[in-house]
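Reviewing the structure listed below.
The values are calculated or read from the model by the stated rules, or taken from the named source; none is laboratory data. Computed from a predicted structure; not experimentally measured. Neighbour counts are summed over all protein chains in view; Cβ atoms, including those assigned to glycine, are modelled from backbone coordinates with ideal geometry. When the accessible area is computed, the model is the full protein with side chains, heavy atoms only, and any ligands, DNA or RNA have been set aside. Shrake-Rupley method; radii C 1.70, N 1.55, O 1.52, S 1.80 Å.
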Amino acid sequence: MRRSAILLKNLPSSVVCSICDDWDSVQQMIHQRNLPSATFPNDHLEDKLLFAALTTRIDDKTFVRSPYKVVPVTGSQLADKEELFQNVLTQVAEQFSRAFKINELKTEVTNRLAMLEKRVELEGMKVVEIEKCRSDIKKLREEMASRNNSSFLEDNKKLTPRRDVPSYPKYHLSQDTVEALKQPLFDVWQWESNEMLSCLEHMYHDLGLVKDFNINPITLKRWLLCIHDNYRNNPFHNFRHCFCVTQMMYSMIYLCGLQEKFTQVDILILMTAAVCHDLDHPGYNNTYQINARTELAVRYNDISPLENHHCAVAFQIFSQPDCNIFASFDPEAFKQIRQGTITLILATDMARHGEIMDSFKQKVDSFDYNNEEHVTCLKMVLIKCCDISNEVRPMEVAEPWVDCLLEEYFMQSDREKAEGLPVAPFMDREKVTKPTAQIGFIKFVLIPMFETVMKLFPQIEEVMVQPLRESRDKYEELKQIDDAMNEMQKKKTENLTTGGKKK
């Protein structure tokens, strides 16, 4: 507060009005106070006024003498009374400023504000850094979770069966669709998830499995829905792949007349293993699991970690009463179903391909359908055929699967490079092409395996083996075209380099 304001505050309003309106009356008031004449000369009446204001009694109220010094200014130095009064107020303000160190306070407040602003800025930067750290931690946790496969069946949420059955529409399959389902040429890309579920349901009914084993149709629906929910949205290993493998198994059962050679329990095992064979596949193969020392690899001692996981998830689902299509089986029969299903799913590990095929080749020339070991080996080969049978289908159906598989391979190889893990050449986007990826696989894996099965079932040659040969020839032609184009590009580059040197 300005000192002039303090001074005026200490005066009654009547006196302030007198000062402003009637100087003569004020002078008379000073004389009535018996102020000594030596204090102020006659021409210093204004100073007497100030002195009276600071020391006298007004309206019988005593005012304490002001501790602040007022420097007198003669009236001759001012043009008029208003200017004099303004000067007095200015001096009082200066006195107040010095007394209360207002300028110093202003400077201190300004400095403190500057410090606070800087601190706020620093704190803001800290907040940004904290958020960045949180983001980095989140990414690291996600990476670790993915690497360790810790997200598998989190809290078993996916394993909870759906009770709002029917949860998918019951499609009426046309007779054409029913017949097409029995053919290896079936186009699996034309169907939505609900339609594929209805097709799978139809297969179990059509093969007599629901009737023969007293499977509750509602339980079958719930089980299939739970199966669907436990396949991930990977580029390749997803629910459509599950449907593709199961449909091929269904078509081979008809094509090879397996119901005449196998028991219904064997048929149930073949179909169920096909449905469950890649449950909860993470999109990274066993090689990655083992090299990265993931939770699955540690849990299963590097022995077919994915296939063991698929089996575990399958029987976790069966452990739910509402999803147990084997509820009518006695313990001994269930044990047989469980062991048979596990054996077939474990056989889909390509690391065991040579071992299984060698065993089958030793049995095929003297195959005995009454020999349980022979039948088990054949079932293992059949699920292997169905698992990798995409090239049996027409090119327009098969080729998109190659793109999906390569996409999944490239995702894995990119991650392996980032983590400093070994990278397989056939999965490296910088080295592999579609023709090179398929030619060797068709020539050295698919055709030899199907030709071996053809010894037992000659009828598959026309609809399965021959399409494989045609697919091999097609990719070899594509490779020749790619090689020719690469050679032309190489020569063109060499010519440009040579021309540049001559200049």
Legend entry - Selection count where residues are open to solvent by 30 Å² or more (accessible area, probe 1.4 Å) and either of a type in the set (A, V, I, L, M) or in contact (Cβ under 8 Å) with a residue 12 or more places away in the chain (or both), scope region 185-201: 7
Inset, instruction - Considering (1) of a type in the set (Asp, Glu); (2) open to solvent by 20 Å² or more (accessible area, probe 1.4 Å); (3) under 14 Å from ALA273 (Cβ atoms), say which one ASP349 fails and leave the rest. - result: (2)
Inset, instruction - Filter region 365-380 for residues that are open to solvent by 30 Å² or more (accessible area, probe 1.4 Å) and part of a helix (DSSP H, G or I) and give the result. - result: GLU372, GLU373, THR376
Inset, instruction - Give me a count of the residues in region 417-436 that are in contact (Cβ under 8 Å) with a residue 12 or more places away in the chain and more than 29 Å from LYS474 (Cα to Cα). - result: 3
Legend entry - Filter pass, ASP414 being in a helix (DSSP H, G or I), of a type in the set (Asp, Glu) and touching a residue at least 24 places away in the same chain (Cβ under 8 Å): no
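What about PRO425, is it in contact with a Lys or Arg (Cβ under 6 Å, 6 or more places away or on another chain), more than 24 Å from THR341 (Cβ to Cβ) and surrounded by 16 or more Cβ atoms within 10 Å (Cβ to Cβ)? Please lay out each step first, then the result.
Values: in contact with a Lys or Arg (Cβ under 6 Å, 6 or more places away or on another chain): yes; more than 24 Å from THR341 (Cβ to Cβ): yes; surrounded by 16 or more Cβ atoms within 10 Å (Cβ to Cβ): no.
No, not satisfied.
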Inset, instruction - State which residue pairs qualify: first residue over 25 Å from ASP368 (Cα atoms) and of a type outside the set (A, V, I, L, M, F, W, C) and inside region 450-474, second residue open to solvent by less than 50 Å² (accessible area, probe 1.4 Å) and in a helix (DSSP H, G or I) in any location, beta carbons under 7 Å apart, and separation of 6 or more residues or different chains. - result: PRO467/VAL392; ARG469/ILE447; SER471/GLU391; SER471/ALA398; SER471/ILE442; ARG472/ILE439; ARG472/ILE442; ARG472/ILE447
Inset, instruction - Pairs only if they're at least six apart or on different chains, beta carbon under 7 angstrom, first in region 285-298 and closer than 18 Å to SER413 by Cβ and at pLDDT 95 or above, second of a type in the set (Asp, Glu) and open to solvent by 60 Å² or more (accessible area, probe 1.4 Å); list them, first residue then second. - result: ILE290/ASP302
Inset, instruction - Check off (1) touching an Asp or Glu at 6+ places or on another chain (Cβ under 8 Å); (2) part of a helix (DSSP H, G or I); (3) over 22 Å from LYS211 (Cβ atoms) for VAL298 and give me the number that stays unchecked. - result: (1)
Legend entry - Some residue of region 439-459 being under 18 Å from VAL364 (Cβ atoms), open to solvent by less than 30 Å² (accessible area, probe 1.4 Å) and in a loop (DSSP other than H, G, I, E, B): yes
